[in-house]
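Data block below; observations after.
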Amino acid sequence: MSERRLLVLCYFFPPLAGGGVHRVLSFVRHLPAHGWACTVVCAGPEDYWVRDATLEADVPADTEVIRVAGGSAIAAWLRGPGAREGAGRRRGGRFAMLRAAADWTLLPDSYAGWARRARATAARRLSRGGIDALLTSSPPDSVHLAGLALARGGARPWIADFRDPWIGSHFRTPPTPWHAGRQRASERSVVGGADLVLAASATHADDLRAMRDGAGTPLARHVEHLPNGFEPAGAASAAADPPPGTFTLVFTGTLSLMPDTRDFLDALARFLARRPDARARIAVRLAGPYDLDDEDRARALGVADVVSFPGPLDRAATRALQRRADLLLLWKPRGAGYRTMVPGKLYEYLDAGRPMLALLDANDEAGALAARGGAELVAPGAPDALAAALERRFDAWAARGRTPDARPAWLDAHSRGALAGRLAGLLDSMTGARA
């Protein structure tokens, strides 16, 4: 098959890290095997508070990467005095206040200024030729408005890829009805303007298909559910091993601004208060970007000797820690809008094959998927129930030792290589590619 080229417009790309990076990176990594090279227009290498330079090794050498540095509120904050308390750490209350201020003044999000500059950069690259399709991937949602402008200028076909639903309409409450109307109108213009809409969760895909215009006609031309999936882990490493004979609980991923991080610490303290004999045999590793407030809370609750916050780890260390766990912990942001969110780390957890305790609603897509993979679900916001589950899991481990790995066979269809092949097939059908 003759090679075609996809222009990807996104903010998050290596060496930036965090949950938003891996989906686009998997497209760029695996699409060339299906006849699609990639050009990426993305943020600068210092424009996010979480980074992992090891991810750059997964970017194919012939990928064209065009960086647009600065221009977003997060980039400006990172360049300000005293912004960095440490890699992957921040004061959650201060950041929440800044984000709330941005909701008033920056639409659709605090990356809008960057997106306008990135749109101009992408337009210049398109004018040079050799681009067969355009894909924008959010968050931030402002990249889709850039894609809409480029598509109106002739950049077709255009694929709008939603890793999460539109932030300003679903995850955060707009400060006024005027803001809410602007967010809804922007979301609808993108959904109606794209040639193909991709959604990382089936629930969100259904919501997008249900969107109608004033005449009752579906807004979206074509919607596909394309899960986040996972990259198969490499050889196991012993680098993250706690001492032998330790019941190891592990969370990997974003902890910042997560109420369940606080609830977990409360539940752990309640469990250890009832069972002081367990304290010397438990190690908790909460690995990922986190709020210093949670570290303070662990000290105040008297569990700092048991809990560690190593911050963001590189991918290899993260996967090693997942596979070392005796119990993997999973939670996600709360709220009705988050019912559509399936955390990318859930697929990695399932690939690790370790027991899982998930603070998820059984009626949510993520909860159903976790339960299908064998996880125990505990309702969010119930620290007493969580404390009881922790005690029960500890006693089972103390009685029987480490449980064997149990990786679900159906997970293979969710590898990122297989999912990139599905995307390539959609691109081929949209562009008339021929072998």
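Just so it is clear, none of the values below were taken in a lab; they were calculated from the coordinates. This is a predicted model, so every value here is computed, not measured. Neighbour counts are summed over all protein chains in view; Cβ atoms, including those assigned to glycine, are modelled from backbone coordinates with ideal geometry.
Top mean-square fluctuation among P45, P175, P232, Gaussian network model of the chain, C-alpha springs under 10 Å? Comparing P45, P175, P232 in a Gaussian network model of the chain, the most mobile one is P175. Of all the options V190, V24, V306, the one that moves most in a Gaussian network model of the chain with Cα springs shorter than 10 angstrom is V306. Taking the chain as a Gaussian network of alpha-carbon nodes connected by springs under 10 Å, the highest mean-square fluctuation of the residues L369, L198, L208 belongs to L369.
Could you tell me the calculated FRET efficiency between R212 and A180, based on Cβ-Cβ distance and R0 = 25 angstrom, to the nearest 0.05?
Numbers: r = 18 Å, r/R0 = 0.73.
Efficiency at R0 = 25 Å is approximately 0.85.
Annotation: amide H of R4 within the under-5 Å range of W36, A37, sequence separation 5 or more or interchain, hydrogens built in the peptide plane. Its Cα centre serving as origin, the chain has a Cβ charge dipole (Lys and Arg +1, Asp and Glu -1) of approximately 600 debye. A rounded overall shape is assigned to the range 247-410, the ratio a/c of its alpha-carbon gyration tensor axes (a ≥ b ≥ c) being less than 1.5.
Taking amide H positions as modeled 1.01 Å from N, with prolines and chain starts lacking one, the residues under 5 Å from F247 and 5 or more places away or on another chain are I282, A283. Close amide-amide hydrogen proximity is noted between V65 and V40, each under 5 Å apart and 5 or more residues distant or on a separate chain (H modeled in the peptide plane; Pro and chain starts excluded).
For the range 408-413, putting each phi into the Karplus relation 6.51 cos²θ - 1.76 cosθ + 1.60 with θ = phi - 60° gives couplings of x, 5, 5, 5, 4, 5 Hz, in residue order, rounded to whole numbers and with x for Gly and Pro. Taking Rg/Rh (Cα atoms, Kirkwood Rh) as calculated from this structure, the corresponding entry among (1) 0.97; (2) 1.30; (3) 1.03 is (1). Across the range 370-383, rounded Karplus estimates of 3J(HN,Hα) from the backbone phi angles (6.51 cos²θ - 1.76 cosθ + 1.60, θ = phi - 60°) give 4, 5, 4, x, x, 6, 8, 9, 10, 4, x, x, 10, x Hz, Gly and Pro being marked x.
Legend: calculated FRET efficiency, S308 to R372, from the Cβ-Cβ distance at R0 = 30 Å, rounded to 0.05, equals 0.45.
Remark: the range 342-351, residue by residue, has Karplus-estimated 3J(HN,Hα) of 10, x, x, 5, 4, 5, 5, 4, 4, 5 Hz, where x stands for each Gly or Pro and the curve is 6.51 cos²θ - 1.76 cosθ + 1.60 at θ = phi - 60°.
State the extension gain, in nm to one decimal, for the chain segment bounded by R128 and R281, taking 0.36 nm per residue of separation less the distance between their alpha-carbons. Numbers along the way, then the final one.
Working: separation 153, 0.36 × 153 = 55.08 nm, distance 6.18 nm.
The span from R128 to R281 would gain 48.9 nm if fully extended.
If I take every Cα pair under 8 Å that is 6 or more residues apart in the chain, average their sequence separation and divide by the length, what percent do I get for the relative contact order? Display every interim value, and only then the final one.
Details: 810 pairs, mean separation 69.4, N = 435.
Here the relative contact order equals 16 percent.
Seen against the Cα atoms of the chain and their longest principal axis, helix 259-274 is set at about 10 degrees.
Given the rule -39500 (n - 2.57) for each run of at least 4 DSSP H residues, summed and divided by the residues of the chain, what is its mean residue ellipticity at 222 nm, to the nearest 500 deg cm²/dmol? Intermediate results must be reported in sequence, preceding the final value.
On the way: 15 runs with 172 residues, N = 435.
Rounded to the nearest 500, it is -12000 deg cm²/dmol.
If R0 is taken as 22 Å, the Cβ-Cβ distance between D195 and R117 corresponds to a FRET efficiency of 0.35.
Counting DSSP beta bridges with both partners in the chain, what percentage is antiparallel, nearest 5? Around 5 percent of the beta bridges assigned by DSSP in the chain are antiparallel ones.
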